[in-house]
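Inspection log for the structure reproduced underneath, given as structure tokens.
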Amino acid sequence: MGPTTVTTISSRRWILVIFGLLLAAGMVFLSAPTGARADAPDTPGGDQEQTDFYFGGVIKYDDQPVEGVTMSIEGNGFKAETVTDAEGKWRLYVPEKEEYVLTVDEDTLPEGVIVDPAQLPEGIQPKQGTTASFDVSFGLTGSKIVNLFLGEGERVTTSFWDQLIERLMNGINFGLLLALAAVGVSLIFGTTGLSNFAHGEMLTYGAVMALIFGVWLKVPMYITIPIVIVLGAVLGWALDTGLWRPLRRRGLGLVQLMIVSIGLSLAGRYVFQFFIGGGTYQLPGAGAPRDIVIGPIKLSWIDVTSMAISIVLLVAVAYWLLRTRIGKATRAISDNPGLAAASGINVDRVIRIVWILAAALAAIAGVLWAYFRPGVKWDMGVQVLLLIFAAVTLGGLGTAFGALIGSLIVGILVEISTLWIPPDMKYVGALAVLIIILLVRPQGILGRKERLG
């Protein structure tokens, strides 16, 4: 391969890295709301800045209110705390309707007393390894009442190694669903050279279709998921037929195509907001209890199903790439498009199949991401887009198997990093590893300097 080709490959790589870093900076800037501490227990909420959304409730022990209990809320870059008043009441205001973690400071409870798990509100369960930390979310209104009752009991603590194993399993689950999207991005890049910044909206599209069929139309999820995959494939066909193939034939450069993908991303995002609004919707079975216990690992049936679907689809893609004629043609185009075309391969046809496959994988990844997150929201795709690019770049640009390895590494690092850093900063660790790998091995783990694929 000549110097010109090497320079082109290098420029593509650094364009992707620069855009990823700019996107990371934007996400950090946009996700930096600050919390307020309410020190005055005279009224629920104290001196917090009041918004349209809040969690509130009463804490009682033996039917008597408990004063002076510290309550905190955290999530989506926001953190605040307050103290129960003389009537045991508390209120915590949040900036938006999202998923949060509510925590009771057990050091402020009476001695030998915990939050009674038998009297928790419906749908509220302690997070694994705790007796006083809960995932909470809003319903149809802008307020959520969480009344808590205390009882005698032993406070639960989890050892470091148990937490490590638990987060490792969560990381594998996250990495597998991330791989479904990353493999599609890698195949598109390998065959066309395009860094598709609209791939996040392809994930959102799959989640929205699952919302429409699984929730609004009440179609069972085992039927909804195949429907979502088919609709995702249709989206991929439509995008290539109506947009990308005509642009390729007009001879647009890669930078122009990448800018088009950014515009498509913005347009798709606000189309979703127009049709489903700015709220967060839950798919059937979201928040299922983790009643499958294997040592320190606790899984829900949703977790097991998600990992099973991801593994089956990834194995199918690997077989398609290694054993089928179209798969081998895809790899040939990734190696050398000109030589592949000269040998009789219909490059346009293969690229269209790649778009169909990538969009179908992105759609099902969107459904699994909605369960893992959990929730369907109009901008959910952009929240994971940076990690997708990190996984693709880490594994090696244009290599599907590299994308798989990179996704698993990113997913595990993101989850394990929460043992040492705040959850809202967990994506920083993955980006730090990405930068280090690029400094040591710029082509990625499985990439090679002299080729793409």
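Below, the figures for the structure above:
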quantity	calculated
Any hit, segment 198-213, residues being out of contact with any helix residue (DSSP H, G or I) (no Cβ under 8 Å at 6 or more places or on another chain) and in the same structural domain as residue 354 (by TED's automatic domain parsing)	yes
Test: residue in segment 418-429 that is assigned by TED's automatic domain parsing to the domain that holds residue 184, among the basic types (Lys, Arg) and at pLDDT below 90	yes
Residue within segment 223-244 that is touching a residue at least 40 places away in the same chain (Cβ under 8 Å), closer than 23 Å to residue 312 by Cα and touching a strand residue (DSSP E or B) at 6+ places or on another chain (Cβ under 7 Å) present	no
Tally, over segment 112-132, of residues that are part of a strand (DSSP E or B) and either crowded, with 18+ Cβ neighbours inside 10 Å or touching a residue at least 60 places away in the same chain (Cβ under 8 Å) (or both)	2
Subset of segment 324-381 [in contact with a strand residue (DSSP E or B) (Cβ under 7 Å, 6 or more places away or on another chain) and more than 30 Å from residue 278 (Cα to Cα)]	335
Residue within segment 338-352 that is outside any loop (DSSP other than H, G, I, E, B), in contact with a Phe, Trp or Tyr (Cβ under 9 Å, 6 or more places away or on another chain), assigned by TED's automatic domain parsing to the domain that holds residue 204 and not charged (D, E, K, R) present	yes
Qualifying positions in segment 388-405 - under 17 Å from the mean Cα position of the chain (by Cα) and farther than 23 Å from residue 332 by Cβ	388, 389, 390, 391
Subset tally (residues that are touching a helix residue (DSSP H, G or I) at 6+ places or on another chain (Cβ under 6 Å) and part of a loop (DSSP other than H, G, I, E, B)) for segment 271-285	3
Top-ranked residue in segment 269-291 [being more than 14 Å from residue 138 (Cβ to Cβ) and in contact with a strand residue (DSSP E or B) (Cβ under 8 Å, 6 or more places away or on another chain); ranked as surrounded by the fewest Cβ atoms within 10 Å (Cβ to Cβ)]	291
Residues of segment 63-111 satisfying the condition of being under 26 Å from residue 280 (Cβ atoms), at pLDDT 90 or above and either in a loop (DSSP other than H, G, I, E, B) or not polar (S, T, N, Q) (or both)	71, 73, 90, 91, 92, 93, 94, 102, 104
Within segment 191-204, tally of residues that are surrounded by 24 or more Cβ atoms within 10 Å (Cβ to Cβ) and either touching a His at 6+ places or on another chain (Cβ under 6 Å) or not in a loop (DSSP other than H, G, I, E, B) (or both)	7
Residue 359 vs. criteria under 17 Å from residue 192 (Cβ atoms) and either of a type in the set (Asp, Glu) or at pLDDT 90 or above (or both)	yes
Residue check for residue 337: under 30 Å from residue 100 (Cβ atoms) and touching a residue at least 40 places away in the same chain (Cβ under 8 Å)	no
When residues of segment 306-332 are limited to those that are loosely packed, with under 15 Cβ neighbours inside 10 Å and among the small types (Gly, Ala, Ser), the one farthest from residue 284 (Cα to Cα)	316
Residue in segment 43-60 that is modelled with pLDDT of 90 or more, under 30 Å from residue 426 (Cβ atoms), assigned to a loop (DSSP other than H, G, I, E, B) and in the same structural domain as residue 145 (by TED's automatic domain parsing) present	no
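The values are calculated or read from the model by the stated rules, or taken from the named source; none is laboratory data. Since the structure is predicted, the reported quantities are computational estimates derived from the model, not experimental observations. Cβ: placed from backbone, ideal geometry, glycine included. Neighbour counts: every protein chain shown.
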